[in-house]
Amino acid sequence: MNYPELPWLPPLPEHQRQIFLGHCTTADTLDEVLLDRVRERRVLLVALGNFLSARHDVLREVVEGALRIPDLTVVVAAGGRVAELADLAEDPRVVVESDVPQRALLPHVTAMVYHGGNNSFTECLAAGMPALGLPFSSDQFHIAHDTERSGAGLCLDLTPPHPRT
């Protein structure tokens with residue numbers, strides 16, 4: 001299992017042995033250039049996963065909202081959408097990269113905005129990092145809500161309200 005034991009989850013069948021492995025990723029390293037950009041600063045990490053980093057519209061909205069907070073640096077894992085967010089990187093408080101060493105960066109950040117992915121959730125728990133879950137599909141809704149239920153952060157519903165008919 002790579003999901004922590006949470007009291008609201010149903011128990012495993014008795015005949016199944018549970019072995020907690022933690023998050024199933026390898027350790028990242030943090031290069032000195034990025035470390036210098038985040039050292040001794042309040043940092044928000046924004047990472048929507050490999051597939052959802054294509055939602056540069058959501059990444060942009062999150063970054064623009066976060067920049068309203070004084071003295072906050074925002075690091076964005078933009079995947080293949082670095083060009084679409086290049087104007088944001090003109091602000092010295094914004095770092096836009098195609099990929100960031102998330103596990104290595106977590107000890108240096110104040111909070112994380114993520115998509116509700118299992119690895120990000122368990123990595124935030126392991127780092128004691130508060131997180132804001134913005135789920136888009138599938139199990140992300142459950143995992144992002146587990147972030148809130150566990151007290152490790154909040155979950156926001158990105159579904160637009162349906163007009164009344």
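Would the stretch 59-82 turn up any residue that is assigned to a helix (DSSP H, G or I), out of contact with any strand residue (DSSP E or B) (no Cβ under 9 Å at 6 or more places or on another chain) and of a type in the set (A, V, I, L, M)?
Within the stretch 59-82 (the criterion being assigned to a helix (DSSP H, G or I), out of contact with any strand residue (DSSP E or B) (no Cβ under 9 Å at 6 or more places or on another chain) and of a type in the set (A, V, I, L, M)), the answer is no, since none of the residues qualifies.
If a residue has to be under 16 Å from R60 (Cβ atoms) and of a type outside the set (D, E, K, R) to count, how many in the stretch 89-118 make the cut?
Of the residues in that region, 7 qualify.
Here is a list: A126, A144. Which entry is without any contact (Cβ under 8 Å) to a residue 60 or more places away in the chain, part of a helix (DSSP H, G or I), among the aliphatic types (A, V, I, L, M) and in contact with a His (Cβ under 9 Å, 6 or more places away or on another chain)?
On inspection, the qualifying residue turns out to be A144.
State whether the residues of the stretch 135-147 include one that is under 25 Å from L30 (Cα atoms) and out of contact with any Lys or Arg (no Cβ under 6 Å at 6 or more places or on another chain).
No, the stretch 135-147 contains no residue that is under 25 Å from L30 (Cα atoms) and out of contact with any Lys or Arg (no Cβ under 6 Å at 6 or more places or on another chain).
Please find, within the stretch 31-58, the residue that is modelled with the highest pLDDT out of those that are crowded, with 17+ Cβ neighbours inside 10 Å and in a loop (DSSP other than H, G, I, E, B).
Top of the filtered list is L48.
The values are calculated or read from the model by the stated rules, or taken from the named source; none is laboratory data. Keep in mind that what you see is a predicted model, and the values were worked out from it rather than measured. Here Cβ is always computed from backbone atoms with ideal geometry, including for glycine, and neighbour counts include all displayed protein chains.
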